[in-house]
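The values are calculated or read from the model by the stated rules, or taken from the named source; none is laboratory data. Being a predicted model, the structure only gives us computed values, none of them experimental. Heads up, the Cβs are rebuilt from the backbone with ideal geometry, glycines too, and the neighbour counts pull from every protein chain shown. Note: areas computed on protein heavy atoms with side chains; ligands, DNA, RNA excluded. Shrake-Rupley method; radii C 1.70, N 1.55, O 1.52, S 1.80 Å.
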Amino acid sequence: MDIFISYSRRDRERVNFMAKALEAEGYSVWWDRDLRAGEEFDNVIDKHIKESNAIVVVWSDTSIKSNWVKEEAEDGVIENKLVPALIDEVVIPRGFRRIQAAELQDSTSDPTQSKNWPVFLESVRTIVGEGQGAEAGAAEMAAYGLSTAAQGQDLPLAAKTNDVPFWKRPISMAAGALALLIAGVLAFQFIGFGSDSGRLAGVPEDKAIVLGIYPNESFGIQQSNGLKASLEGFPALMVQDLEAPISAMKGREAPEVIADLRTFLDERNVVAIIGPSITEFTPQVLKVIEESGQRPAIVLTTAGSRADLGWNDSDLPIFRVGSGVDERAAQFKALAERAISQGIGITFMIETNPDSDAKTYGELFFDRVSEVLGESNLENWSSDGQVNTRTFIRGSINDAFSTPEEQAILDENRLIVIMGLSGDFRDLASSQFREDQPARRAILASWNNSHQVQAVSEMTALQTERLIDMTDVFESADYNGEKPVEIAQFEGLFGPISPRWRLEAVAFDSGVIVKQAANEIEGEITADALVAVLRSRSFNGVTGRIFFNSTGQNTGDAGGLQRFYNVSYDPNSQAWREVGNLGSLMP
């Protein structure tokens, strides 16, 4: 396949013009127009992204806010096949600005009528080559005043830009090479190379290092973006990523990450570690740190309970800005009791992994919730049919609803609670709660999956009033009318703080506490000095105040022991609203 188009569903009509025009040029084009009901979005999209020769990202008022579009643009950058185009007057998200975009926004309804459309086509040809409709393309280039010989070469500046300012000009081959060179330098600075080829190459020995440990896909991308954004422009600290696929981390089969972690701890001044965000992987990481003899500040981003992580028995300086399942279980108890009293049943959907003897995050989470709810309560509720449990294999949640009998639960007054990865929630929502399906009575709920609700809603219309997110982030903090500079910094990069940006916000705040603590250290920044500051004062995060109790859990209003919000999404206003009473949602 030649071209994959990444866009916001709200721009479907305008993108349709672009897709048809590219097909007329002889290119094979894939966009999600024909995505069949029931197909797994991630699997289908990943397949087409890998098979494509170019990823055309259409930046618009709505797509710049889309998590999925940003992820697909990231794939384009990584694989050196990104072709960006602007169809609205917007600022391209940070991280993608160095590759100049074709400006097509002068034609508001049909981007192909833009004076810069031929320039956009030339950007496509630079990466993909000629389509099978090369003659049509040559004719259009000729009409633009260029010879066939000029195609595929660096075009005359005046012909390419129509007097567009230099900083807005579409990328040419030379500019593309320069952009790739810059990207390589940045990658060298921030990421380095694999351990077998000099993992520490380019990392100064006297630099204070912050290691970020997260998956290199899905929610790990949001966490990486949030962390790096928080430390941007703060040269005293250098961020290094240690990444692996989610499946590798969950299976504790990420030897490169472990080897790189040991290398950094042994040979560099690692003052803080942000992550890991995978519960099953965390004990392995903590063991390596323990064995190293080093004591960097460890700011966990996993939600695992302190008992399951071995946190309670560890003397390592462990902190956590956001909530974990200990806090979430306590908050959920109140919600569960309220739901039962209103005649709303509860079904727990618990992830399993038959290929592993270790408990999954979902199983560990359910154990903690069961403990907090109390055995007698669960027995009474279960005997009355008010509470029941179902299991599903991670990544195959729809198999648990494959028969009419299994689907019947969707038509009951029930709260269906997903205890698994965000992808499981997304898959069930997109398959069973679409607007073209019968109206559901059941409410589908999970923790901190607002980004998935909004991303899926951009691709297909959902029964969003039936989807509830339980989150500890609702809006930006209010410091008596004054906002710390970090809030403006965050909102300038991502947008107003909301449940949608929870992952980025918590990762951002994890970096903010390290930065604010480092600012108070006179002389060399060391792990011991950083930990001492973290334990002794409060911090101003973008989601609220952060103060760590004796266990290292944040007890401020940025999360932790504070209240949770139950929220639903309105796609028309692209806003979140708090749901105070689940009974009000029942038909």
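Looking only at residues that are at pLDDT 90 or above and of a type in the set (Ser, Thr, Tyr) in the range 45-62, which one is nearest to ARG12 (Cα to Cα)?
SER60
Taking the criterion of being at pLDDT 95 or above and of a type in the set (Phe, Trp, Tyr), would at least one residue in the range 414-431 satisfy it?
no
Among the residues of the range 316-334, count how many are open to solvent by 10 Å² or more (accessible area, probe 1.4 Å) and among the polar types (S, T, N, Q).
Residues meeting the conditions: 1.
Is there any pair with a first residue in the range 240-254 that is closer than 11 Å to PHE281 by Cβ and a second that is hydrophobic (A, V, I, L, M, F, W, C) and open to solvent by 40 Å² or more (accessible area, probe 1.4 Å) whose Cβ atoms are under 9 Å apart and which are 6 or more apart or on different chains, and what are they?
Going by the 9 Å Cβ cut-off, the qualifying pairs are LYS250/ALA358; GLY251/ALA358; ARG252/ALA358.
Does at least one position in the range 389-402 carry a residue that is out of contact with any Lys or Arg (no Cβ under 7 Å at 6 or more places or on another chain), outside any helix (DSSP H, G or I) and under 26 Å from LEU227 (Cα atoms)?
No, every residue in the range 389-402 fails to be out of contact with any Lys or Arg (no Cβ under 7 Å at 6 or more places or on another chain), outside any helix (DSSP H, G or I) and under 26 Å from LEU227 (Cα atoms).
Please work out if PHE494 is under 23 Å from ARG94 (Cα atoms), open to solvent by less than 10 Å² (accessible area, probe 1.4 Å), in contact (Cβ under 8 Å) with a residue 40 or more places away in the chain and not aliphatic (A, V, I, L, M).
The answer is no for PHE494.
Working carefully through the options GLN437, GLN463, find the one that is open to solvent by 30 Å² or more (accessible area, probe 1.4 Å) and at pLDDT 85 or above.
GLN437
Would you mind listing the strands (runs of 3 or more DSSP E) fully within the range 199-316 where at least 1 residues are closer than 28 Å to ASP46 by Cα?
So the answer is 208-215, 237-244, 269-274.
Report whether or not ALA73 is under 21 Å from PHE219 (Cβ atoms), in contact with a strand residue (DSSP E or B) (Cβ under 8 Å, 6 or more places away or on another chain) and surrounded by 16 or more Cβ atoms within 10 Å (Cβ to Cβ).
For ALA73, the condition - under 21 Å from PHE219 (Cβ atoms), in contact with a strand residue (DSSP E or B) (Cβ under 8 Å, 6 or more places away or on another chain) and surrounded by 16 or more Cβ atoms within 10 Å (Cβ to Cβ) - is met.
For ILE525, indicate whether it is of a type outside the set (Gly, Ala, Ser), in contact with a helix residue (DSSP H, G or I) (Cβ under 7 Å, 6 or more places away or on another chain), over 21 Å from TYR214 (Cα atoms) and buried (at least 24 other Cβ atoms within 10 Å of the Cβ).
no
Which one is nearest to PHE564 (Cα to Cα) among residues in the range 418-472 that are assigned to a strand (DSSP E or B) and among the hydroxyl-bearing types (Ser, Thr, Tyr)?
Step by step, filter the range 418-472, then rank; the result is THR471.
I want to confirm something. Restricting to the range 396-407 and keeping residues that are touching an Asp or Glu at 6+ places or on another chain (Cβ under 8 Å) and hydrophobic (A, V, I, L, M, F, W, C), which single residue is surrounded by the most Cβ atoms within 10 Å (Cβ to Cβ)?
Among those that are touching an Asp or Glu at 6+ places or on another chain (Cβ under 8 Å) and hydrophobic (A, V, I, L, M, F, W, C), it is ILE397.
Being more than 25 Å from THR360 (Cα to Cα) and over 18 Å from the mean Cα position of the chain (by Cα): is that true of ARG414 here?
Considered against the rule, which asks whether it is more than 25 Å from THR360 (Cα to Cα) and over 18 Å from the mean Cα position of the chain (by Cα), ARG414 comes out as no.
Can you report the number of residues in the range 471-516 which are among the aliphatic types (A, V, I, L, M) and under 17 Å from the mean Cα position of the chain (by Cα)?
Selection size over the range 471-516: 7.
Do you know which of the residues in the range 342-395 that are hydrophobic (A, V, I, L, M, F, W, C) and open to solvent by 20 Å² or more (accessible area, probe 1.4 Å) is modelled with the lowest pLDDT?
In this case the residue turns out to be ALA358.
Test ASP308 against the criterion of being farther than 30 Å from ASN519 by Cβ, of a type in the set (Asp, Glu) and at pLDDT below 95, and give yes or no.
yes
Identify the residue in the range 408-429 that is in contact with a strand residue (DSSP E or B) (Cβ under 7 Å, 6 or more places away or on another chain) and not hydrophobic (A, V, I, L, M, F, W, C) and, among all such residues, is surrounded by the fewest Cβ atoms within 10 Å (Cβ to Cβ).
Taking the candidates together, the pick is GLU412.
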